[in-house]
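See below for the structure under consideration.
The values are calculated or read from the model by the stated rules, or taken from the named source; none is laboratory data. What you are looking at is a predicted structure, and each value in this text was computed from that prediction instead of being measured. Backbone-built Cβ (ideal geometry, glycine too); neighbour counts: all protein chains shown.
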Amino acid sequence: MSLKIIKYLAIIAILLGLLLVSNYPGRSQQEPSQTTQKSSQKVKDQFVGTWKLVSWEMQRSNGEKIEPPFGRDAIGWIMYDANGHMCVQIMRPNRTKFSSDNLLEGGTPEEKKAAYEGYIAYCSTYTVNEKEGFVIHHIELSLFPNWLGMDQKRFFEFSGDRLALRPPPFMYAGEQVTARLTWERLK
């Protein structure tokens, strides 16, 4: 590929807010070019920062929109650092406070259940697969214990100061659904 074509592709990628990577014929899979390595680093760099949840959309396989678990006004933050660590927290707004202010011993069983059911949180390392457009969260800490040691895949799209993350289709309330969470970079 000529340098002129590579520059042209880079300009298109910047204008669309995406970085495109292709496998060129004759290029070794074990030895990516310096251009590919730099491009991959730039995509990972786009993740770095703190992002605020601006929308959470879910739909059935027939395209019908459904209410997300914490409602359409859920609030959350997701943070990625340059060293490959991330953390996310999402919650239902206006959760009921516990009757006790004691963090470790407070709360009735009903209050604890409601608090747990209105909150998602985990921390992990992450890796970016630029070619296929997904990020993997390798979970090390999680409010939901079953996710410990698991990988969570999220397809990504960047558009300006926005990041959209989509998990693969999953089961929710007895049916297969898709989700899209859109985040806006905090400044």
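Return the pair list, or none, for Cβ contacts closer than 7 Å from residues in the range 167-187 that are more than 20 Å from Phe134 (Cβ to Cβ) and modelled with pLDDT under 95 to residues that are of a type outside the set (Val, Ile, Thr) and surrounded by 14 or more Cβ atoms within 10 Å (Cβ to Cβ), at least 6 apart or on different chains.
Glu175/Arg60
Look through Tyr80, Tyr116 and report the one residue that is loosely packed, with under 15 Cβ neighbours inside 10 Å and under 24 Å from Trp56 (Cα atoms).
Exactly one of Tyr80, Tyr116 is loosely packed, with under 15 Cβ neighbours inside 10 Å and under 24 Å from Trp56 (Cα atoms), namely Tyr116.
Would you be able to say whether some residue in the range 141-160 is among the charged types (D, E, K, R), in a strand (DSSP E or B) and touching a Phe, Trp or Tyr at 6+ places or on another chain (Cβ under 8 Å)?
There is at least one residue in the range 141-160 that is among the charged types (D, E, K, R), in a strand (DSSP E or B) and touching a Phe, Trp or Tyr at 6+ places or on another chain (Cβ under 8 Å).
Give the range 59-114 a look and list any residue that's polar (S, T, N, Q) and assigned to a strand (DSSP E or B), or say none.
Across the range 59-114, the qualifying residues are Gln59, Gln89.
Within the range 130-149, take every residue that is in contact with a Ser or Thr (Cβ under 8 Å, 6 or more places away or on another chain) and of a type in the set (A, V, I, L, M, F, W, C) and give me the one that is nearest to Arg166 (Cα to Cα).
Only one residue fits best here, namely Val135.
Going by the conditions given, is Tyr172 crowded, with 16+ Cβ neighbours inside 10 Å, over 15 Å from the mean Cα position of the chain (by Cα) and either of a type in the set (Gly, Ala, Ser) or over 19 Å from Gly49 (Cα atoms) (or both)?
In short, no.
Which of the residues that make up the range 119-147 are out of contact with any strand residue (DSSP E or B) (no Cβ under 6 Å at 6 or more places or on another chain) and either in contact (Cβ under 8 Å) with a residue 24 or more places away in the chain or buried (at least 16 other Cβ atoms within 10 Å of the Cβ) (or both)?
Of everything in the range 119-147, those that are out of contact with any strand residue (DSSP E or B) (no Cβ under 6 Å at 6 or more places or on another chain) and either in contact (Cβ under 8 Å) with a residue 24 or more places away in the chain or buried (at least 16 other Cβ atoms within 10 Å of the Cβ) (or both) turn out to be Glu130, Lys131, Phe144.
Every residue, every condition in (1) within 18 Å of Phe156 (Cβ to Cβ); (2) more than 18 Å from the chain's Cα centre (by Cα); (3) modelled with pLDDT of 95 or more; (4) of a type in the set (Gly, Ala, Ser), yes or no:
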residue	(1), (2), (3), (4)
Lys97	no, yes, no, no
Leu103	no, yes, no, no
Cys123	no, no, yes, no
Tyr126	yes, no, yes, no
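Can you confirm whether Lys97 is in contact with a Pro (Cβ under 8 Å, 6 or more places away or on another chain), surrounded by fewer than 16 Cβ atoms within 10 Å (Cβ to Cβ) and free of Cβ contacts under 8 Å to residues at least 60 places away in the same chain?
The answer is no for Lys97.
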